[in-house]
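**Q** This is the structure I want to talk about, given as structure tokens.
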Amino acid sequence: MQEDVADRSAARLRENGRPEEYGDMGVIYEDAFVIALRDTVEFRDGSTGPYIRVIGQAAGAGAVILPVFGDGRILLTRQFRHNIRDRQWETPAASPCPRTPCWRASTSSA
């Protein structure tokens, strides 16, 4: 199945004048902070195709902040998790900003 999806992706890329290797499955980018993977997945409608997911590389301790509204409701998100091939309820997530507070990392100097 993975080869079939990669071949179809390569054909589409060729038709659009892009390099065929852009359709390869596996690690497509990696740095000190993230790994980007292109995986073969089966979609809800039964079709198969490429899906890109990004995995954080940050290691170490973490924290969770659980948003609770005044009426007692809590905020959760429903995320698809590739490893269990299903959705699960989670607390809202954020990305770590090593060596720099996140608010500074996202502030433009322009």
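Bear in mind these aren't lab numbers, they're just calculated from the coordinates by the rules spelled out. No experiment lies behind these values; they were computed from the predicted model shown. Don't worry about glycine lacking a Cβ; one is built from the backbone with ideal geometry, like all the others, and counts go over all protein chains shown.
**Q** Residue separation times 0.36 nm, minus the C-alpha to C-alpha distance between GLN79 and ASP45: what's the value?
**A** Result: 10.4 nm gained on full extension.
**Q** Within the P(r) computed for the stretch 2-93, what percentage of the Cα pairs occupies the region above 16 Å?
**A** Tail of the P(r) past 16 Å holds 69 percent of the pairs.
**Q** Just add up the charged neighbours of ARG38: K/R +1, D/E -1, any other residue whose Cβ is under 9 Å from the Cβ of ARG38.
**A** -1
**Q** Another question, if that's okay. With r as the distance between the Cβ atoms of TYR29 and GLU3 and R0 = 30 Å, compute the FRET efficiency 1/(1 + (r/R0)^6) and round to 0.05.
**A** Approximately 0.90, to the nearest 0.05.
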